[in-house]
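The values are calculated or read from the model by the stated rules, or taken from the named source; none is laboratory data. Nothing here was measured: the structure is a model prediction, and the numbers come from that model. Every residue, glycine as well, gets a Cβ built from its backbone with ideal geometry; the counts of neighbours run over all protein chains shown. Surface areas here come from the heavy atoms of the whole protein model, side chains and all, with no ligands, DNA or RNA. Shrake-Rupley method; radii C 1.70, N 1.55, O 1.52, S 1.80 Å.
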Number of protein chains: 2
Amino acid sequence: MTIHLSQSESQAQKPCNHDYQANCGNCRLNSICLPLALESDDVQQLDDIIQRSKPLQKNQHLYREGDEFQSVFAVRSGTLKAYKTTDDGREQVTGFYFPGEILGMDGISNNTHASSAKALETAAICEIPFTSLEKLSALMPNLQRHFFQLMSHEITEDQQLITLLSKNSADERVAALMLSISTRNARRKLSPTQFRLPMSRVDIGNYLGLTVETVSRVFSRMQKLELLRVDNKEIEILDPQGLRKMANLGN
Amino acid sequence: MTIHLSQSESQAQKPCNHDYQANCGNCRLNSICLPLALESDDVQQLDDIIQRSKPLQKNQHLYREGDEFQSVFAVRSGTLKAYKTTDDGREQVTGFYFPGEILGMDGISNNTHASSAKALETAAICEIPFTSLEKLSALMPNLQRHFFQLMSHEITEDQQLITLLSKNSADERVAALMLSISTRNARRKLSPTQFRLPMSRVDIGNYLGLTVETVSRVFSRMQKLELLRVDNKEIEILDPQGLRKMANLGN
DNA sequence: CGCAGCGTTGATTAGTTTCAAAAGGAGTGG
DNA sequence: CCACTCCTTTTGAAACTAATCAACGCTGCG
């Protein structure tokens, strides 16, 4: 986690580690995060309600299924996974969250978190108390709109995952995930072709509805086809076009 | 569609068919629909922005993937399915919508509908123009809150479907769908044990990530186990407890 | 150094899809 | 009202994908 991490995540981590009292105005991610929709005056008001606490360590929970819902969260650095535990004790990963992305919105419906969220590596988080966000939304149409859009986006993402699980083969699912991570990296101005997977093979399997063994075999197959180079968690996409073809998604 | 329909859907349809200008105040569904969260003064204001047009005929579209997003919709009577068409032309059903339920929220994120919605039988719809809803939400905290909750609920529903597709067998998936329909019927004060499926086997398969043949086989198996009686689209749940056990979901 | 956790690979098995065919229902027109 | 067609549903047999079971390699840590 030390040497490798510094290769692909250093840009995201450094500014945050020595700047706990960062604010939305100077945050490197403000062009892709909540402030995206706001004028600078309004950003200041948003900033006032946001709470920043010390970073989460690897494997620490941000919240657990069943916890009372009070806030949504923005990832400042690091990666989290959201997951539900099924009645027979198995785990369903419902999403991975990278810097600039918002999680916790599934808790609004019942005032109770519907899933758990756990840090896959050290992660800095911005906490946004929901009642404050509601009040601010009522005053700032752009913020209200943007938050509706964020939730709607979560719905369309989930629907894409539904389609993936329902219609696509193991190869297609893994390829699609690699492409999704690549795209999200690009959004953060990181390399779309070289990155370190923050999650384990088990997590990938639990997200894509596959077993670890199958995930591993798919990676081997992809290497044999020279679509990508896999060195444990380090990924290099060699043939983006070929990978898109394997994913069979048209994007 | 004529004789059978009158058995299970007559209560839902009659009041609507001869009352196009129904309003939220007198709607039979107001205790489970959008007005749920509102005082009667506020219901009147909501009512003023809602548009009711003539019912959709079977197979008519309410909106199509790619259409400009302008409104969300409440089902007054009948049933709709929402679906996406994959790049290779196959269909992924993302949800079925019964009276009192809201659809179209996946269009907010891009100002474009991310899925299509089609009537599975004659359906009366309330259209809620989104910009009006936004304005009203900013004035009525309860409405804003409720709409956030509705979207959040859609997210948790999608996550349940994700888990179902990822972790559960064909038997479990079909059982879970039957129980879901049963529960939603109960919410509308209809029989939880006897109902008519508004969707085809193909639709069920496309929703649950199974082929028609598999769906049909599961129904046969369920009949053999005397969990339910199937007569084409007419379903009678004979053993709710056994069905819950087969669904393996703890609910 | 030895152990624990994670990842890879191989052989076998099981569940679902695919292919094929036929039965059942609904609608149409004579 | 019946014959015809089209579409949906059901059932059977074969093929295939991914899961399961099992073993081993690699890495990091006490």
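In the range B:3-140, taking the dipole from charged Cβ atoms about the Cα centre, the farthest positive-side position among B:ILE108, B:PHE98, B:LEU133 is held by B:PHE98. Taking amide H as placed 1.01 Å from N in the peptide plane, A:SER71 has its amide H under 5 Å from the amide H of A:PHE130, each at least 5 places away in sequence or on another chain. Between the amide H of B:GLY95 and those of B:ALA82, distances stay under 5 Å, these residues lying 5 or more places away or on another chain, with hydrogens modeled in the peptide plane. Using the alpha carbons alone, the radius of gyration of the range B:96-251 stands to its Kirkwood radius in an Rg to Rh ratio of 1.01. Backbone phi angles across the range B:125-142, fed through the Karplus curve with coefficients 6.51, -1.76 and 1.60 (θ = phi - 60°), yield HN-Hα couplings of 10, 9, 9, 10, x, 6, 5, 5, 4, 4, 4, 5, 4, 5, 8, 10, x, 5 Hz in residue order; Gly and Pro are listed as x. Inter-copy label distances at A:ALA186, using a point 7 Å along Cα-to-Cβ, come to 4.8 nm with the shortest given first. Against the criterion of solvent-accessible heavy-atom surface with a 1.4 angstrom probe, B:VAL43, B:VAL202 sort, most first, into B:VAL202, B:VAL43. With the simple model of a label 7 Å out from the Cα in the direction of the Cβ, B:ARG187 to A:SER216 spans 4.3 nm. Label-to-label distances across copies for A:ASN59, with labels 7 Å out along Cα→Cβ, in nm, shortest first? So the label point of A:ASN59 gives 5.8 nm to the other copies. With only the Cα atoms considered, the range B:65-176 has a convex hull volume of 124 Å³ per residue. Of the residues making up the range A:97-129, those losing 30 Å² or more of accessible area when the isolated chain is joined by the remaining protein chains, with a 1.4 Å probe, are A:ASP106, A:ILE108, A:SER109.
Ballpark to the nearest 100 Å², how much total accessible area do A and B bury together, probe 1.4 Å? Numbers along the way, then the final one.
Numbers: alone 12950 and 12970 Å², together 21740 Å².
In total, this chain pair buries about 4200 Å².
Of the Cα atoms belonging to the range B:202-249, the radius of gyration and Dmax stand at 10.8, 27 Å.
At q = 0.12 Å⁻¹, what log₁₀ I(q)/I(0) does the protein assembly as shown have when each alpha carbon counts as one equal point scatterer in the Debye sum? The computed values of log10 I(q)/I(0) come out as -1.17. Compared with the alpha-carbon gap, the fully stretched path from B:GLU236 to B:GLU68 is longer by 56.4 nm at 0.36 nm per residue. Using modelled backbone amide H atoms (1.01 Å from N, in-plane), which distant-in-sequence or interchain residues come within less than 5 Å of B:THR122's amide H? For B:THR122, the qualifying residues are B:LYS58.
Here the range A:3-154 has 45 percent of its accessible surface on carbon and sulfur atoms, given a 1.4 Å probe and all protein chains in place.
Loop-only check: which trypsin sites (Lys or Arg not before Pro) in the range B:168-219 are DSSP coil with at most 13 other Cβ within 10 angstrom?
Numbers: sites: B:ARG173, B:ARG184, B:ARG187, B:ARG188, B:LYS189, B:ARG196, B:ARG201, B:ARG217; in loops: B:ARG188, B:LYS189.
For trypsin sites (Lys or Arg not before Pro) across the range B:168-219 that sit outside H, G, I, E and B with at most 13 neighbouring Cβ atoms in 10 Å, the list reads B:LYS189.
Give the nm distances, rounded to one decimal, from B:SER216 to the matching residue in every other copy, measuring between label points 7 Å along Cα toward the beta carbon; shortest first. From this label point to the equivalent ones elsewhere in the assembly: 4.0 nm.
With unit charges on the beta carbons (Lys and Arg positive, Asp and Glu negative) and the dipole taken about the Cα centre of chain A, which residue among A:ALA247, A:LEU227, A:GLN44 sits farthest to the positive side? Positive-most Cα among the choices belongs to A:LEU227.
Just how many % of Cα pairs in the range A:168-247 lie over 15 Å apart, if you round to the nearest whole percent?
On the way: 1629 of 3160 pairs.
Tail fraction, whole percent: 52.
Couplings 3J(HN,Hα) for the range B:90-102, derived from phi with the Karplus relation 6.51 cos²θ - 1.76 cosθ + 1.60 (θ = phi - 60°), are 7, 10, 10, 6, 9, x, 10, 10, 9, x, x, 9, 10 Hz, where x marks Gly and Pro. Among residues other than B:VAL202 whose Cβ falls under 12 Å from its Cβ, what is the net charge (Lys/Arg +1, Asp/Glu -1)? Taking every Cβ under 12 Å from that of B:VAL202, the sum is 0. In the context of the full set of protein chains, residues of chain B present 43 Å² of accessible surface per residue (probe radius 1.4 Å, heavy atoms only).
Could you work out the mean projected area of the convex hull around the alpha carbons of the range A:3-154, in square nanometres to one decimal?
On the way: hull surface 37.0 nm².
Computing the convex hull of the Cα atoms and averaging its projections yields 9.2 nm².
Scalar couplings 3J(HN,Hα) for the range B:162-169, obtained by applying the Karplus form with A = 6.51, B = -1.76, C = 1.60 to θ = phi - 60°, are 4, 4, 4, 5, 7, 10, 10, 6 Hz; x denotes Gly and Pro.
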